[in-house]
């Protein structure tokens with residue numbers, strides 16, 4: 001069965017959304033990624049969508065979700081991408097392994113910063129998932 005990875009941050013509008021799209025693209029069929037936030041924003045940041053589209057990634061269906069909306073999913077690994085989410089990461093109904101892999105928050109910054117964070121996520125998160133799951 002394909003493992004499910006939850007990428008968790010605060011707003012679920014930038015980093016976690018880009019991570020979800022990158023994981024589902026680069027590791028398609030090997031992991032299933034979802035994302036959520038501890039205090040989700042009303043929408044995914046326009047620059048996050050632009051950064052994903054610029055890389056040819058699918059942005060269909062990306063929207064901010066509250067952690068409560070995914071709490072009962074069959075999650076195999078939680079990846080926190082910001083310190084705040086790591087500190088207040090909730091207790092899941094069953095024991096779930098967690099790793100912390102922080103990325104710069106580009107919210108409110110120029111598109112170039114989103115592109116840089118997207119590339120950083122791809123460079124560090126994808127290999128970390130390959131290693132974690134033995135892919």
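At a glance:
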quantity	calculated
Inter-label distance, nm, simple model (7 Å from Cα along the C-beta direction), residue 100/residue 26	2.2 nm
In nm, spacing of pseudo-spin labels at residue 120 and residue 132 (7 Å Cα→C-beta vector)	1.8 nm
Principal axis dimensions, largest first and in whole angstrom, of the chain by Cα	39, 31, 24
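Every number here is computed from the coordinates shown, using simple stated rules; none is lab data. Since this is a predicted model, take the numbers as computed values, not measurements. Positions of Cβ are generated from backbone atoms using ideal geometry, with glycine treated the same way; all protein chains shown enter the neighbour counts.
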